[in-house]
1. If the label point is 7 Å along Cα→Cβ of Gln181, which residues in region 319-351 have backbone nitrogen under 18 Å from it?
2. Which aspartates and glutamates, on any chain, are close to Lys309 with Cα under 18 Å apart, when same-chain ones fewer than 8 places away are left out?
3. Given a 1.4 angstrom probe, what's the average accessible area per residue across the chain, in square angstrom?
4. Roughly how many Å is it from the Cα centre of region 331-345 to that of region 152-184, as a whole number?
5. At Lys361 and Glu27, where each label point lies 7 Å from the Cα along Cα→Cβ, what is the point-to-point distance in nanometres?
6. Amide H neighbours of Thr268 under 5 Å, counting only residues 5+ apart in sequence or on other chains, H built in-plane at 1.01 Å?
7. Please give the peptides 235-245, 339-349 ranked by average Cβ packing (other Cβ atoms within 10 Å per residue), highest first, as a rough proxy for protection.
8. Tell me which label goes with the value of Cα extents along the principal axes in Å computed from the coordinates here: (i) 83, 45, 38; (ii) 62, 48, 33; (iii) 73, 43, 40.
Amino acid sequence: MESGTNRVRINVTRPSVGSQIESLLRETPEFRVQGPDVTQEVDLLIQELGTDVDTELHRVQVLLQQGAVKEAFLLSDSDDPAILRKVIRSGVSELLALPLEIREAREALNRFRARNNGTGSGGGRKHFGTVVNVLGSKGGVGSTTLAVNLAVDLARDRTRSVALVDLNLAFGEVPFFLELQPRYHWGEINNNVDRLDSMYLSNIMTPHSSGVQVLSSPGDLRGQETPSPNMIEHLLTLMRSMYDFVIVDSGKSLDPTALKVIDISGKTFLLTLLNLPCLSNTHRILEALRNLGVRTRHIQVVVNRASKKGDIDRKDAEEAISRPIDWFIPNDYQATMNAINTGQPLLKSAPRSSVTREIEKLAGSLTTEAPARVEKKEKMFSFL
């Protein structure tokens, strides 16, 4: 077999679906569609489920166990939870809903490529994405606004896969910011850690039109437990293998789970405001992390809602937290609140806003080898 090629067999009954899949596969030269010869080994089987689900799943399982198929995607027009449970147990990699959503199918193929690094049976390095943590110095500083819009901005490049995780237990608000109604949340994982794999995770994520895949919070204390550090490590490690960027809205906690997120993250944005309570909390958080032996070099301080009319300037703020400030996001109350109240990301509701432009710069810093810092000589505001 030619190096760098993934062999794919398509087994569907609907010609229109087959045409859609073949069109997607042609977007990438790494995929080569094989003929109907079931004796020939393939890297990926794309199988449509019919009415006899148990029999068809058994056949797919046998092919996977025998090594005749490396991975399998299943297509189904059923939303029966019992079928989902059977599919998860079958060991397939992805379950795609019919009618086929092109974006969803493309992202599933991208995840397959990431797992195999486009090398087919020849192997290759394992894909590792970047976990970006957004941590608030206190409640109400805008950590969800930043996390949501950072994820949406990163997803503008359709070659990237981006996930957004809301770790706020009782006050998770990400679905409101994106006008989503998730069917599942990370509480499902908390109760089924032993079943957590790429297939299970893919099917409890909620897709947004921007391309971001969302894992929401339960949003309710009843019957839910705070995710353990072990669960979070398992979850984020798996997500790094599936997505290029995993944006985590950590809220404002510094419990063991939050510390685990900081430890795993490639970058943590610590969000604060230019007022004494927030700056004091920011200083305490940084000191606490240092005292606990947590590495802090990857932590960048972000001042949100910055205004030249404030009583505290940059010099005073940096003295208060005993370190430089890395980013200033300007205050645009009207644009931000309109985005929140309409459930739209800033890129859509206020693409020319100064807030949107600054978040674009922050997102851009994550896609370069050396993340950019805002130096004092870059006068974005007159008080800097």
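The values are calculated or read from the model by the stated rules, or taken from the named source; none is laboratory data. Everything numeric in this text was worked out from a predicted model, so none of it was measured. Neighbour counts are summed over all protein chains in view; Cβ atoms, including those assigned to glycine, are modelled from backbone coordinates with ideal geometry. Keep in mind that these areas ignore ligands, DNA and RNA; they rest on the heavy atoms of the full protein, side chains included. Shrake-Rupley method; radii C 1.70, N 1.55, O 1.52, S 1.80 Å.
1. 342-344
2. Candidates past the 8-residue exclusion: Glu318, Asp332.
3. 47
4. The two parts, judged by their Cα centres, are 16 Å apart.
5. Rounded to a tenth, the inter-label distance reads 3.2 nm.
6. Asn133, Ile299, Gln300
7. 235-245, 339-349
8. It is the one labelled (iii).
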